[in-house]
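Worksheet: the structure to be examined is printed underneath.
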Amino acid sequence: MSVWDEVVGQDEVVATLRGAVLASREATGDAAARAMSHAWLITGPPGSGRSVAARAFAAALQCTDPAEPGCGRCHGCTTALAGTHADVTLIGTEKVIFAIEEIRPLISQAQRAPSQGRWRVMLMEDADRMVERTSNVLLKAVEEPPPRTVWLLCAPSPEDVLTTIRSRCRAVHLRVPDPRAVADLLVRRDGLDPDVALAAARAAQSHVGLARRLARDPEARARRRRLLAVPAGIRGVGDAVLAAADLIETAAADARAATEERDAAEKAELLRNLGAEAGTRLPPALRGQVKQLEDDQKRRATRAQRDVLDRAMVDLLSLYRDVLVVQLAADVELINTDLAAEVRALAGGSTPEQTVRRMDAVGVARERLAANVAPLLAVEAMMVALRPQG
Ligand SMILES: [Zn+2]
C-alpha cells in the first residue's frame, strides 16, 4: 500500500510528483533544496482528488523509507496523511473566503526550518478562496521561500489563482478519472460490490467521495433518485414553485445534519475553555467569544447548504445531459444508468433544443447561487424553466 494508491486514475501527475521527490533525494544539502520546486499549484475539477494528491505528495516528501518515497507505512507517511505531522501544515477554511488574519500567521510559520522532517510543507486547499489583498500577503511567502519550505496550493483551475502567484508555481493538473478507476478503488479499499460501485462512480461523475457515499448509503441513493424524479413531476408553475421550496428545505436539512453535531461539540469545548458551565449565564466579557463562534458556525452552515444545492444542480445537469444523449442518439454511456427509463421518457417528451435550454437554466441557477443570490429565488426561476413547454 503506497501513498499514491488513492490518487485514482492520475498516472501522469503521480509520475511528476514522485519524480520530484526522487530528484530531491538524489541531491544533498543545498543542491537538494535547489532541485525542489518550492511552490506547486495542483488543479483539477471538484472530486478529481486535489487534496488527496497534495497529501500524498506531502507524505512522500516526509517519507523516511530509503527505497520507496511514499511507502505508506513509515511514521513520516502515516502522520502526514493523518494530518498530524509536525512539519505539514494543512490550511483550509470553512468560510467562503479566507480571512487575511488566517493567512498572516502562516507566513511566519513558513519561514521556520522543519523540526524533524525533510521539508516544511504548507498545504493549502481552496487557494481560490482568497481576495487579491490576501493573495498578495501569500505571494510574498511564495516568492522567497526558505530552502526547506514547500508550498502546495490547490484550486479548481490555474485561472482561479492570481497570475502573480501562478507564475511562481510549478503546475500539475488532475483529470476527471475514469469511473472504472473510481469503482476499482471503492471495491479494493472499501470492499463494496463492483456493480453498485460502478453505478455510483458514474452517478457521482467520478467524484471519489460522493461515489463512496452513494455506494455505501442507500438513503443517499434514494435522495438522489427523488431529486432526479422532480423534473418529470413538474406540470406547471405551481409545481415548480413547490419543488423549489422542497429542494431548498432538503438542502438546509442536509447541511444541518452535517454541521449540527460539530457545532454543539465546539460550543461545549469553548465554554469549558472559558471555565463556564453549560446553561449558566456568561459574564459579558466572554459573550463576545461565544457570539464569534456562533457567527462562524452560521457561515459554515450557509456554505454547507450552498454546496448541497450546487451538488443537486450538478445532478440535474447530468440528467439533462443523458436526455440529450438519447435525443441525439450519441454513442456515449449514460451517467444515470439506473434511471434509463426516466431518461427515455423525458427524451421522448421534448426536443433537443428544449433540453439545451433547460441545461442553460440550471447553469444560470448555479451561477446565481455562486453570486450569493437568495437560493429560493434562483432555484424557483430554474424550476419554472424546467416545466413542459407547449
Ligand atoms: Zn513512508
Open item on the list: What are the extents of the Cα atoms of the stretch 320-382 along their three principal axes, in Å, largest first?
Closed with: 37, 22, 17
Task: log10 of Debye I(q)/I(0), alpha-carbon scatterers only, for the stretch 198-253 at 0.16, 0.30, 0.31 Å⁻¹ - done: -0.58, -1.10, -1.14
TODO: For an R0 of 25 angstrom, estimate the FRET efficiency from the Cβ-Cβ distance between Thr84 and Arg213 and round to the nearest 0.05.
DONE: 0.50
Task: Relative contact order, percent, the chain [alpha-carbon distance under 8 Å, six or more residues apart] - done: 16
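Which percent of the accessible area of the chain is formed by carbon and sulfur heavy atoms (probe 1.4 angstrom)? Display every interim value, and only then the final one.
On the way: 10250 of 19440 Å².
Looking at the chain in its full context, I get 53 percent from C and S.
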Open item on the list: Under the rule of at least 5 residues apart or a separate chain, name every residue whose amide H is placed under 5 Å from the amide H of Met124.
Closed with: Ile91, Leu152, Leu153, Cys154
TODO: Multiply the residue gap between Ala371 and Glu144 by 0.36 nm, knock off their C-alpha separation, and tell me the result in nm, one decimal place.
DONE: 78.3 nm
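At 222 nm, what value in deg cm²/dmol follows for the chain if DSSP H runs of at least 4 each add -39500 (n - 2.57) and the sum is divided by all its residues, to the nearest 500? Kindly include the intermediate steps, with their values, before the conclusion.
On the way: 16 runs with 240 residues, N = 390.
Result for the chain: -20000 deg cm²/dmol, rounded to the nearest 500.
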TODO: Express the C-alpha Rg of the stretch 219-297 as a ratio against the empirical globular expectation 2.2 N^0.38 Å, rounded to two decimals.
DONE: 1.71
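Report, in debye and to the nearest 20, how large the dipole of the stretch 335-390 comes out about its Cα centre when Lys and Arg carry +1 and Asp and Glu carry -1 on their Cβ. It would help to have the intermediate numbers written out before the result.
Details: 6 positive and 6 negative charges, 16 e Å.
About 80 debye.
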Open item on the list: Apply the Karplus curve 6.51 cos²θ - 1.76 cosθ + 1.60, θ = phi - 60°, to the phi angles in the stretch 144-153 and return the couplings in whole Hz, x for Gly and Pro.
Closed with: 10, x, x, x, 10, 9, 10, 9, 10, 9
Task: All aspartates and glutamates inside 12 Å of Lys267 as judged from Cα atoms, apart from same-chain residues fewer than 8 positions distant - done: Glu277, Glu294, Asp295, Asp296
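With +1 on the Cβ of every Lys and Arg and -1 on the Cβ of every Asp and Glu, and nothing else charged, how large is the dipole of the chain about its Cα centre, in debye rounded to the nearest 20?
Numbers: 52 positive and 52 negative charges, 122 e Å.
Magnitude of the dipole: close to 580 debye.
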Open item on the list: Quick query: amide H of Thr149 versus all other amide H atoms, modeled in the peptide plane; which residues come in under 5 Å with a sequence gap of 5 or more or a different chain?
Closed with: Arg120
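So how strong a dipole does the stretch 214-294 carry about its Cα centre when Lys and Arg Cβ are +1 and Asp and Glu Cβ are -1, to the nearest 20 debye?
Details: 14 positive and 13 negative charges, 31 e Å.
Dipole magnitude for the stretch 214-294 comes out near 140 debye.
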TODO: Calculate, in nm to one decimal, what Arg180 and Lys291 gain on full extension: separation in residues at 0.36 nm each, minus their alpha carbon distance.
DONE: 35.2 nm
Open item on the list: At 0.692 mPa s and 37 °C, plugging the Kirkwood radius over alpha-carbon pairs of the stretch 4-106 into Stokes-Einstein gives what diffusion coefficient in µm²/s?
Closed with: 221
Open item on the list: Rg/Rh for the chain to two decimals, with Rh computed the Kirkwood way over all alpha-carbon pairs.
Closed with: 1.01
Open item on the list: Keeping every protein chain present and rolling a 1.4 Å probe, give me the accessible area per residue for the chain in Å².
Closed with: 50
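The values are calculated or read from the model by the stated rules, or taken from the named source; none is laboratory data. Note that the structure is a prediction, hence the values are computed from the model and not measured. Neighbour counts are summed over all protein chains in view; Cβ atoms, including those assigned to glycine, are modelled from backbone coordinates with ideal geometry. For the accessible areas, the whole protein counts, side chains as well, though only heavy atoms, and no ligand, DNA or RNA atoms are used. Shrake-Rupley method; radii C 1.70, N 1.55, O 1.52, S 1.80 Å.
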